[in-house]
Amino acid sequence: MQVSIVGSGYVGTTIAACFADLGHEVVNIDIDEDIVETINSGTPPIHEDGLPELVAEHAGQDGTGRLRATTDYDSILATDTTFLCLPTPQDDDGSIDLSVMETGATQLGKTLKTTEDWHTVVVKSAVLNSDL
């Protein structure tokens, strides 16, 4: 399976490395060029037990090549499933700040609008149900 992950925090990087370890081709999209370079060098941008070994095994110069990172949303078009793994921090009043999720989802929509191919989108972030 060809998988894209938007976001390279704890959830995004961990999911990306685990999918690569299962044999899937994974592209991790992030707006931060330093994080993209870090992943592509074979190093995770966050600390999680076991993650350095997985990222080193699948990304970077000596990796399997199943995991790569980019800032280019068009890379999503070569995949069939996208996971939105973006931060939804809590504001001082207890509400959830959805601005990053909204920006990522909007860019994903603009990208997918350029193709007629089917594409599955999975939201793996804390979001509110408007019916609650």
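No lab work stands behind these numbers, since they all come straight from the coordinates. Just so it is clear, the model here is predicted, and its values are computed rather than measured. Neighbour counts run over all protein chains shown; Cβ positions are idealised from the backbone, glycine included.
Ellipticity at 222 nm from helices only: DSSP H runs of n ≥ 4 in the chain, each -39500 (n - 2.57), divided by the residue count, give -9500 deg cm²/dmol. Phi-derived couplings, Karplus 6.51 cos²θ - 1.76 cosθ + 1.60 at θ = phi - 60°, listed residue by residue for region 4-12: 10, 10, 9, x, 10, x, 4, 6, x Hz, with x used for Gly and Pro.
Taking every DSSP beta bridge that has both residues in region 2-123, what percent is antiparallel when rounded to the nearest 5?
Numbers: 1 of 18 bridges.
The antiparallel fraction comes to roughly 5 percent.
Neighbours of SER125, meaning other residues whose beta-carbon lies under 12 angstrom from its beta-carbon, give a summed charge of -1 when Lys and Arg score +1 and Asp and Glu score -1. Once backbone amide H atoms are built at 1.01 Å from N, VAL122 has THR82, PHE83, LEU84 as its partners under 5 Å, excluding neighbours fewer than 5 places away on the same chain.
For region 17-34, backbone nitrogen atoms closer than 13 Å to the point 7 Å from GLN61 Cα along Cα-to-C-beta are found at no residue.
Each peptide in 93-103, 12-22, 44-54, 30-40 receives the mean, over its residues, of other Cβ atoms within 10 Å, and ordering these scores from highest gives 12-22, 30-40, 44-54, 93-103. The 3J(HN,Hα) values that the Karplus relation (6.51, -1.76, 1.60; θ = phi - 60°) gives for region 80-97 are, in residue order, 10, 9, 10, 9, 8, 10, 10, x, 10, x, 7, 7, 4, 7, x, 6, 9, 7 Hz. Gly and Pro appear as x.
Dividing the C-alpha radius of gyration of the chain by 2.2 N^0.38 Å, with N its residue count, gives 1.05. The 3J(HN,Hα) values that the Karplus relation (6.51, -1.76, 1.60; θ = phi - 60°) gives for region 63-73 are, in residue order, x, 6, x, 7, 10, 9, 10, 7, 9, 8, 4 Hz. Gly and Pro appear as x.
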